[in-house]
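The values are calculated or read from the model by the stated rules, or taken from the named source; none is laboratory data. This one's a predicted model, so the numbers in the text were calculated from it and none came from an experiment. Please note: Cβ atoms are built from the backbone with ideal geometry, for glycine as well, and neighbour counts cover all protein chains shown. Surface accessibility is based on the protein's heavy atoms, side chains included, excluding ligands, DNA and RNA. Shrake-Rupley method; radii C 1.70, N 1.55, O 1.52, S 1.80 Å.
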Amino acid sequence: MLESDVYRRIIENRDKMSKSHKKIANYLTENNETAPFLTASRLAKNVGVGEATVIRFAFFLNYKGYPDLQRHMQEALQRKMTSAEVLARTTDENEKTEHVVTEILNDDIQNLRTTLRQVDAEVFEKVVRQMIEAKRIYIIAYRSATSVGAFLEFYLDLVLQNTELIRQADGVSEHLLDITEEDLVIGFGFSRYTKRTVEVLKYVKQHNAKTVVITDHLMSPLVPYGDMKIIASTEINSFIDSFSAPMSIVSALITALTRSEHKKVEKRLKELEDLWETFDVFYD
């Protein structure tokens, strides 16, 4: 495992490292099965250096940032970690839970910053345009990613009336039977990826539907099937994924769409307000 590129870079550059960078390098090589799953903040804490030092270390090794270094370390393991393994490797049984909220919120802030740096504005605009022009929009999001997909479905269907989250994996073939090049499929997938998500995206690509993939990095198995890709960071020091960045991307897509089509959306919302009042939907 230590013959992989990431560890070879560490070994080859050790003589050029500062004292702090050597501490990080030693920790990574000595903890090569656990370190790849630590956030920058947790790695910094474990090593005894500042988080900024960890980030500079990644750049020193000629990676695009800590998430890029982390991905390469994870790939060096050459196997998928189970949820139980990730939990065991990222949990300190003696750590007090009172610090968890600060840690996780800081990790989410870092995820948002990372995502903001890597979002391509032109791709984002193209996705918005495709949503507006699509005859029908299908959302593919399974397991925990369903929460993000359901949020997008609620607001898109509210204003466009053409959006469906395919909730039943077994019934996906019936829902997509008549899919055409006029339709748009938005697929959500984050590590660990579900086979069904990949299979569905492959199917709709074969039927010439337009596809958008929202996933956690460019090595995701969903990426080859996306005409447009948006990468959202999901790393936190836990076996769960952080959906702060994916949810922010979805909020931005909805907001951009409604601003672009504000006249149509305003008319639709006024009609809905009348309907909601008729059926006494909201608590006053």
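Observations, loosely collected:
- Debye intensity ratio in log₁₀ form over the Cα atoms of the chain, taken at each q of 0.09, 0.12, 0.14 Å⁻¹: -0.51, -0.83, -1.04
- Kirkwood Rh in Å, taken over the stretch 196-284 so that all alpha-carbon pairs contribute: 16.2
- Protection proxy ranking, highest mean first, for peptides 273-284, 242-253, 109-120: 242-253, 109-120, 273-284, where packing is the per-residue count of other beta-carbon atoms within 10 Å, averaged.
- Accessible surface of the chain [probe 1.4 Å, protein heavy atoms]: carbon and sulfur percent: 51
- Sites ARG143 and ASN13 - FRET efficiency at Förster radius 35 Å, r taken between beta-carbons, to 0.05: 0.35
- Estimated FRET transfer efficiency when R0 is 22 angstrom, pair ALA150-VAL123 (beta carbons, to 0.05): 0.40
- List TYR142, TYR27, ordered by accessible area with a 1.4 Å probe, largest first: TYR27, TYR142
- Full extension of the segment from ARG196 to LYS135, taken as 0.36 nm per residue of separation minus the current Cα-Cα distance, would add 19.6 nm.
- Helix 146-160 vs. the chain, principal-axis angle (Cα, 0 to 90°, nearest 10): 30
- Equivalent-ellipsoid semi-axes for the stretch 168-239 (Cα gyration tensor, √(5λ), whole Å, largest first): 23, 14, 9.
- Cross-link pairs beyond the 22 Å C-alpha cut-off, checked among LYS126/LYS263; LYS229/LYS270; LYS64/LYS195; LYS210/LYS264; LYS126/LYS195: LYS229/LYS270; LYS64/LYS195; LYS210/LYS264; LYS126/LYS195
- Which of THR234, ALA256, ALA245, positive extreme of dipole for the stretch 231-273 (C-beta unit charges): ALA256
- Positive end of the dipole of the stretch 115-222 (Cβ unit charges, origin at the Cα centre): among TYR142, PHE190, VAL200, the Cα lying farthest that way belongs to PHE190.
- Computed magnitude of the charge dipole of the chain (debye, nearest 20; Cβ of K, R +1, Cβ of D, E -1): 1240
- Amide H contacts for GLY187 (H built 1.01 Å from N in the peptide plane; partners 5 or more residues away or on another chain; cut-off under 5 Å): ILE140, VAL212, VAL213, ILE214.
- Cα-based convex hull, the stretch 1-77, per residue volume (Å³, whole number): 73
- Solvent exposure of the chain amounts to 56 Å² per residue of accessible area, where only protein heavy atoms count and the probe is 1.4 Å.
- Mean ellipticity per residue at 222 nm, deg cm²/dmol - from DSSP H runs of n ≥ 4 across the chain, formula -39500 (n - 2.57): -16500 deg cm²/dmol
- Between THR180 and THR278, the modelled labels are 3.1 nm apart [label points 7 Å from Cα along Cα→Cβ].
- Rounded to the nearest 10 degrees, the angle from helix 66-76 to the longest Cα principal axis of the chain is 80 degrees.
- Ordering of 226-232, 6-12 by packing [mean C-beta count within 10 Å, highest first]: 226-232, 6-12
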